[in-house]
1. I'd like to check which helices (runs of 4 or more DSSP H) are fully inside region 1-41 and have at least 2 residues that are touching a Gly at 6+ places or on another chain (Cβ under 8 Å).
2. So for region 55-68 (the condition being over 15 Å from Glu8 (Cβ atoms), touching a Ser or Thr at 6+ places or on another chain (Cβ under 8 Å), modelled with pLDDT under 75 and not aliphatic (A, V, I, L, M)), does at least one residue qualify?
3. Taking region 9-24, which residues are surrounded by 14 or more Cβ atoms within 10 Å (Cβ to Cβ) and more than 13 Å from the chain's Cα centre (by Cα)?
4. When region 85-117 is examined, which residues are found to be part of a helix (DSSP H, G or I), charged (D, E, K, R) and over 25 Å from Arg40 (Cα atoms)?
Amino acid sequence: MSQEKILERFAQLAGLSGEESLLWQGLCQEAMEELSAKARYTDRGESLLNAAGAALAFYRYSLFQSCGPESSFSAGEIKITKDSGGIRAAKQLWLDSYRAAVPYLRDDTFSFYQVRS
């Protein structure tokens, strides 16, 4: 996995410039480390793992950005509403990216044991 590629893709998802995204470099590093711990070390799937890392960082970034109550503001006929729709979309992006990378990750959630009587 590449921290630079994860940060670059994260910046695209978040609509941040390269300089602005550097403030969130730690978040991207954490996402990369979390997925790296589960990654099977093969020579394939790096782009999918990088995309999943960026999506996880973006999901967490979206959570940070939406802290606070949902609100709305009206000025004449214009109404601006802040809700959690972006978080749902970011979570779905993360889940879709994770599913695409699953063939290159170890499954720590399933175990097969022999039952003895």
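1. Values: elements: 3-14, 18-21, 25-36.
Hits in region 1-41: 3-14, 25-36.
2. No.
3. Correct list: Leu16, Ser21.
4. Arg88
Rundown of residues vs (1) out of contact with any helix residue (DSSP H, G or I) (no Cβ under 7 Å at 6 or more places or on another chain); (2) surrounded by fewer than 14 Cβ atoms within 10 Å (Cβ to Cβ); (3) of a type outside the set (D, E, K, R); (4) modelled with pLDDT of 95 or more, yes/no style:
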residue: Gly45; (1), (2), (3), (4): no, no, yes, no
residue: Glu70; (1), (2), (3), (4): yes, yes, no, no
residue: Ser74; (1), (2), (3), (4): yes, yes, yes, no
residue: Ile78; (1), (2), (3), (4): yes, yes, yes, no
residue: Ala90; (1), (2), (3), (4): no, no, yes, no
residue: Trp94; (1), (2), (3), (4): no, no, yes, no
residue: Ala101; (1), (2), (3), (4): no, no, yes, no
residue: Asp108; (1), (2), (3), (4): yes, yes, no, no
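The values are calculated or read from the model by the stated rules, or taken from the named source; none is laboratory data. Computed from a predicted structure; not experimentally measured. Glycine also receives a Cβ, built like all others from the backbone with ideal geometry; neighbour counts cover every protein chain displayed.
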